[in-house]
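A.B. asks: Pasting a structure below so you can have a look.
Nothing in this text is a laboratory measurement; each read-out follows from the coordinates by a stated rule. Fair warning: this is a prediction, and the values are worked out from it, not measured in the lab. Every residue, glycine as well, gets a Cβ built from its backbone with ideal geometry; the counts of neighbours run over all protein chains shown.
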């Protein structure tokens, strides 16, 4: 069986991802349509939340990716810092705009849901605040990559920033448990079946979560390919200028 | 169309904004991927021609 480190070779990564990407994108598209159509058209209103419960199919999966996207960037950054594989640094760079977009979706849908349910668009609640800080870290991470010209230096600096920001990624997930205060409720899904939302909401939510994970993977592969090509182009142009 | 009642605005704006952002993210990623692939091919051909 091939070692995972073989994919640190950009050529091998491009070949393999070219084969996987169409399948992943198709699966993501189908799962997204099935999950959202199921959730929007074929689930009942909640007895307390009314039809706003349908927002859960966007809010929970986007928040899942916002947090875990940063954790994926953390793993990729650690691989860069320890093993100096360029593909891992570029994968982290590729994931950041996706994570930032998912954070915006989670914040927007949360605010739109919160207005009728909590009576406010925003509260400085531990979970909401740590999520906002996570979004600012995403922006800082993207800006730092863009601001530093040398790729290796940019990868080093952004990796350190990613390590620091991971605190807020973890806080975004566990703030409710740590402080046990604020407006935001606990997890919508739990390993304990008794704590879960009702099955009629749970099943389409699972499909939507799977769809967002597949979409994230497909976009990370596509954007990592682009970053690898951009890096190769910069190297070729630099060589051309030297000769 | 399901009956969304008094929360129709909240639900529809959530779906509209989210799908717009997802479409923008996917569209921009595809556009940049195609543009970069073409640009790299051009540079590689030029480098090959000039040794």
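A.B. asks: At a temperature of 10 °C and a viscosity of 1.306 mPa s, determine how fast the range B:5-49 diffuses translationally according to Stokes-Einstein, using the Kirkwood radius over alpha-carbon pairs as Rh; express D in µm²/s, rounded to the nearest whole number.
C.D. replies: Stokes-Einstein gives a translational diffusion coefficient of 120 µm²/s.
A.B. asks: Let's test the formula: R0 of 30 Å, r as the Cβ-Cβ distance of residue A:174 and residue A:199. What FRET efficiency results, to the nearest 0.05? Don't skip to the end; give the middle numbers.
C.D. replies: Numbers: r = 26 Å, r/R0 = 0.86.
Efficiency, from the Cβ-Cβ distance: 0.70.
A.B. asks: Now for a different question. What spacing in nm lies between the two simple spin-label points modelled at residue B:12 and residue A:146, each 7 Å away from Cα in the Cβ direction?
C.D. replies: For residue B:12 paired with residue A:146, the spin-label model returns 3.4 nm.
A.B. asks: Now a separate question. Starting from a Cα-only point model with no solvent, please compute log10 I(q)/I(0) by Debye for the protein assembly as shown at q = 0.14, 0.15, 0.16 1/Å.
C.D. replies: At q = 0.14, 0.15, 0.16 Å⁻¹ the computed log10 ratios are -1.06, -1.18, -1.31.
A.B. asks: Something else about it: Can you give me the angle between helix A:199-242 and the longest principal axis of chain A, using Cα atoms only, in degrees from 0 to 90, rounded to the nearest 10?
C.D. replies: On a 0 to 90 degree scale, this one is about 20.
A.B. asks: Report the gain in length on full extension from residue A:34 to residue A:75: 0.36 nm times residue separation, minus Cα-Cα distance, nm rounded to one decimal.
C.D. replies: Length gained between residue A:34 and residue A:75: 11.7 nm.
A.B. asks: Over all residues in A:89-100, what is the mean tally of Cβ atoms on other chains that come within 10 Å of each residue's Cβ? Mind showing how you got there, number by number?
C.D. replies: Numbers: counts 0, 0, 0, 0, 0, 1, 0, 0, 3, 4, 0, 1.
Average neighbour count from other chains, rounded to a whole number: 1.
A.B. asks: Mind ranking A:50-58, A:148-156 by how tightly packed they are, going by the mean number of other C-beta atoms within 10 angstrom, highest first?
C.D. replies: Going from most to least packed, we get A:50-58, A:148-156.
A.B. asks: Between A:119, A:35, A:110, find the one with the highest GNM mean-square fluctuation for chain A; connect C-alpha pairs within less than 10 Å.
C.D. replies: A:119
A.B. asks: What FRET efficiency, computed as 1/(1 + (r/R0)^6) with R0 = 45 Å and r the Cβ-Cβ distance, is obtained for residue A:41 and residue A:164, rounded to the nearest 0.05?
C.D. replies: Working: r = 43 Å, r/R0 = 0.95.
With a Förster radius of 45 Å, E is 0.55.
A.B. asks: For chain B, with a Gaussian network of springs between Cα atoms less than 10 Å apart, report the residue from B:28, B:19, B:40 with the top mean-square fluctuation.
C.D. replies: Maximum fluctuation in the GNM of chain B, among the listed residues, is at B:40.
A.B. asks: Ok, one more. What angle, in degrees between 0 and 90 and rounded to the nearest 10, separates the Cα long axis of helix A:151-179 from the longest principal axis of the Cα atoms of chain A?
C.D. replies: With both axes taken from Cα atoms, the answer is about 20 degrees.
A.B. asks: Using the beta-carbon distance between residue A:153 and residue A:48 and R0 = 51 Å, what value does 1/(1 + (r/R0)^6) give for FRET efficiency, to the nearest 0.05? Present the calculation step by step, with values, prior to reporting the outcome.
C.D. replies: Values: r = 52 Å, r/R0 = 1.03.
Once rounded, the FRET efficiency stands at 0.45.
A.B. asks: Enter the Cα centre distance for the pair chain B and the range A:75-146, rounded to the nearest angstrom.
C.D. replies: Answer, in whole Å: 18.
A.B. asks: Of A:92, A:106, A:230, which has the largest mean-square fluctuation in a 10 Å C-alpha GNM of chain A?
C.D. replies: The residue with the greatest mean-square fluctuation here is A:230.
A.B. asks: Please compute, for peptide A:226-234, the average count of beta-carbon atoms on other protein chains lying within 10 Å of each residue's beta-carbon. Let's see the in-between values first.
C.D. replies: Numbers: counts 9, 3, 2, 11, 4, 1, 4, 7, 1.
Taking the mean over all residues of the peptide, I get 5.
A.B. asks: Calculate how steeply helix A:126-147 sits against the longest principal axis of the alpha-carbon atoms of chain A, using the helix alpha-carbon long axis, and give the answer as 0 to 90 degrees to the nearest 10.
C.D. replies: 20
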